[in-house]
Structures are given as C-alpha cells and as structure tokens.
Amino acid sequence: MKKTLKIIKIVLSWAVVAMAIVMVIFTVFAVTTLDRYDRNLLGWKFLIVTSDSMSKTDFDAGDLIFVKSLEDPSILKEGDIISYRSTNSDNFGGIVTHKIRRLSEDAKGNPGFVTYGTTTDTDDEKIVLYENIIGLYRGRIPKLGHFFAFLRTPIGYIFCILTPFAILIAMQGVQALNIFREHKKTERELLDEEWAKLRKEQEKSAKMLSDLQKMTRHLEKKLAQTEEKNE
C-alpha cells in the first residue's frame with residue numbers, strides 16, 4: 001500500500017509539473033503570437049474570433065482560427081475567406097476575417113477585394129487592399145479562443161499559471177514535512193534502541209556487581225571461619 005501511494009504521489013507531482021509547463025507555454029503563445037498580425041508561427045497566424053459575422057457558414061465567436069500567411073494575395077479568388085487589417089470606420093485597425101465576394105480596386109486603381117460577413121450578407125465598408133491582407137483562413141478549433149482569452153486575463157493567469165505552481169509547492173511542502181517526520185521517527189527509534197542497550201548494560205553491570213558482592217561476603221565468611229579454627 002505504501003509503495004502504491006508513493007507511485008501515485010510521484011505521478012500526481014509530474015502531472016502538476018507538466019500542467020504548469022503547458023500553461024506557461026500557452027501563456028507565452030497567447031501573449032506573443034495570438035491575435036498578432038505581425039507575428040506568425042511557421043507561416044501560420046492564430047486569431048480569436050470576436051464576433052458572429054461568419055457564424056452562419058464557417059465559425060463562431062470564441063473559436064480559434066488558423067490563417068496561412070500569403071506572399072502573393074493575387075492568387076485569392078471569390079469565396080476565399082481572408083483575415084485583414086480593417087480600414088472600416090467602426091473597427092479601424094482591428095483584424096477581420098470575412099469572405100471574398102469579388103475582385104475590385106480602390107479609387108486610385110489599387111487592386112483589392114470586396115468582402116462580407118455571411119451572417120448579414122452585407123459588404124464591408126472599405127475595399128480590402130493587398131497590403132492589408134494578413135492571410136487565408138484554413139481551419140478552426142471551436143471555442144478554444146475562449147480559453148486563450150481567459151488565459152490573458154489576471155484571473156486566468158492566477159488560475160491557470162499560479163495555481164498549478166502553488167499546488168506543486170504545497171505538495172513539495174507536504175513531502176518535506178513527511179520526510180522530516182520520518183527522520184524524527186527514525187531518530188527516536190535509534191534513541192530508544194540505544195536506551196534499551198544502555199539499560200541492558202546497566203542491568204548486566206548491576207548483576208555482575210551483585211554477584212561480586214555475594215562472592216566477597218562468601219569469602220569473608222570463609223575467612224572468618226578459618227580464623228576461628230586456627231584460634
């Protein structure tokens with residue numbers, strides 16, 4: 001039973017360590033790469049969907065989507081879903097992921113695309129120029145964006161990062177306390193053993209002294225009897 005409990009403790013400790021490490025990696029990823037149009041991981045960008053403008057056909061708010069970086073936006077075609085830096089008045093500078101309705105160009109003749117959200121089927125305010133295109137949508141993980149959004153909050157940081165380390169520290173503290181108690185128990189056992197040996201030695205010495213006293217009295221008695229006979 002003790003061996004089984006020890007194995008369980010070791011497994012739990014390593015599980016907590018692994019969870020803490022994974023949470024740290026997720027946090028670094030969320031802070032340095034996620035929702036950053038200027039950052040990518042092996043040519044991929046990862047974005048959290050913040051609206052339901054495409055929920056009718058492709059993805060919902062809270063999903064984590066994968067966007068492939070593009071070197072040549074001219075290969076894009078009608079029906080492709082792209083992420084781009086918005087120049088619209090209502091969300092200027094934000095990242096939008098919408099579907100291409102058709103190829104177009106701005107007033108200066110620069111090529112771009114008319115995009116729209118499938119939920120409302122309404123064209124976006126401004127034409128998306130090539131220079132503002134972040135990449136081509138390739139897939140999603142439903143609702144995972146909620147987790148990363150939570151992870152970036154103070155409460156999420158405390159819950160997902162500090163809590164595993166606090167549990168690990170507490171487990172290590174309990175283990176250290178158990179080792180200390182075991183050490184004290186061993187010390188007491190050794191001390192009791194030494195006291196038992198000492199008591200045995202004392203009893204042996206007392207018996208030897210008693211025997212010696214008996215022998216002395218016996219010799220004294222014999223000596224007295226001898227002297228009486230000589231007289």
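Each value in this text was obtained by applying a stated rule to the coordinates, not by laboratory testing. Every value quoted in this text rests on a predicted model; they were computed, and no experiment measured them. Reconstructed Cβ throughout: ideal geometry from the backbone, glycine too, with neighbour counts over all protein chains shown.
Points to keep in mind about this one:
- Dipole magnitude (debye, nearest 20) for the chain, charges at Cβ of Lys, Arg, Asp, Glu: 1360
- Using θ = phi - 60° in the Karplus curve 6.51 cos²θ - 1.76 cosθ + 1.60, the 3J(HN,Hα) couplings for the range 60-70 round to 10, 4, x, 6, 9, 10, 10, 10, 8, 5, 10 Hz; x is entered for Gly and Pro.
- Under 17 Å from LYS68, Cα to Cα: lysines that are on another chain or at least 8 residues apart: LYS45, LYS77, LYS99
- Extension gain, MET215 back to ASP52 (0.36 nm per residue minus Cα-Cα distance, nm): 47.8 nm
- Packing-based ranking, highest mean first, of 172-182, 118-128 given that Cβ atoms within 10 Å are counted: 118-128, 172-182
- Computed from Cα positions, the angle between helix 2-32 and the longest principal axis of the chain comes to roughly 30 degrees.
- Net length gained if the chain between ILE7 and ALA107 were fully extended (0.36 nm per residue, minus Cα distance): 28.9 nm
- A protection proxy built from the mean count of other Cβ atoms within 10 Å ranks the segments 18-27, 206-215, most packed first, as 18-27, 206-215.
- Under 5 Å between amide hydrogens, built in the peptide plane, is the criterion, and for THR118 it picks out LYS99 among residues at least 5 positions away or on other chains.
- Whole-Å distance, taken between Cα centres, linking the range 156-204 and the range 77-97: 62
- A simple rule links phi to the HN-Hα coupling: the Karplus curve 6.51 cos²θ - 1.76 cosθ + 1.60 with θ = phi - 60°, which for the range 198-211 gives 5, 4, 5, 5, 5, 5, 5, 5, 5, 5, 5, 5, 5, 4 Hz, with x for Gly and Pro.
- Rounded to the nearest 20 debye, dipole of the range 129-231 from Cβ charges on Lys, Arg, Asp, Glu: 620
- Modelled spin labels at PHE92 and ALA18, positioned 7 Å past Cα toward Cβ, are 5.0 nm from each other.
- Label separation (LEU41 vs THR119): 2.6 nm, computed from points 7 Å beyond Cα along the C-beta direction.
- ³J(HN,Hα) computed for each position of the range 140-152 - Karplus, 6.51 cos²θ - 1.76 cosθ + 1.60, integer Hz, glycine/proline x: 8, 10, x, 6, 5, x, 4, 4, 5, 5, 5, 4, 7
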